[in-house]
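What follows is a short report on a single structure.
Please treat every number below as a calculation from the coordinates, not as lab data. Predicted model, so just to flag it, every value in this text is computed and none were measured. Positions of Cβ are backbone-derived with ideal geometry, glycine not excepted, and every protein chain shown enters the neighbour counts.
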């Protein structure tokens, strides 16, 4: 009992001294630098597979005038869907970091193997690149699953006006051709005319 009390006293002294150290701060600024918050939800309602994405986009501006954004999304991919979920980035925006837990409930499948990041060299297209999660380009079923992704983006230059991320889900076979992205939604990732938070 004495040993337990001594250990507890030492731990309390350590915690107290650590909290008194110079440079430590317990003040946290929530949403620092965030100018815009957008939520989204998309599901493959037009086809028989049940794939969906739901999330929030947090956007702000760096000191140099370039915009940055973080997409946090929960995904569900139908076991019968080979197409998964895709995020298309607007022109002049680039992915700088990504974290994924998809597919969470299947430990033998590595999340790194379930994600493909593509860049677009054709400047005439409205997007600079895209990310595919749970998509098999050979049209094989991947087994589906659920998970969470975090995608961080920055703009190459100051962005005037409004920029959109397109989120697409769903696959189908039409007139003998396989179609991916049967359902999609455009979400404002940046609006330079906005004066504050938007939800």
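Below is a table of values for the structure above.
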{"item": "Zone residues, segment 53-95, relative to residue 109, backbone N less than 13 Å from point 7 Å out along Cα-to-Cβ", "result": "75-85"}
{"item": "Net lengthening on full extension, residue 174/residue 192 (0.36 nm per residue, minus Cα-Cα)", "result": "2.5 nm"}
{"item": "Residue-span extension gain [residue 48 to residue 34] - 0.36 nm each, minus C-alpha spacing", "result": "1.2 nm"}
{"item": "Which of 177, 94, 164 has the fewest Cβ neighbours within 10 Å, and the rest in rising order", "result": "177, 94, 164"}
{"item": "Burial order of peptide ranges 134-145, 78-89 (average beta-carbon count within 10 Å, highest first)", "result": "78-89, 134-145"}
{"item": "Cα shape, segment 91-187, gyration tensor, a/c 1.5 rule", "result": "oblate"}
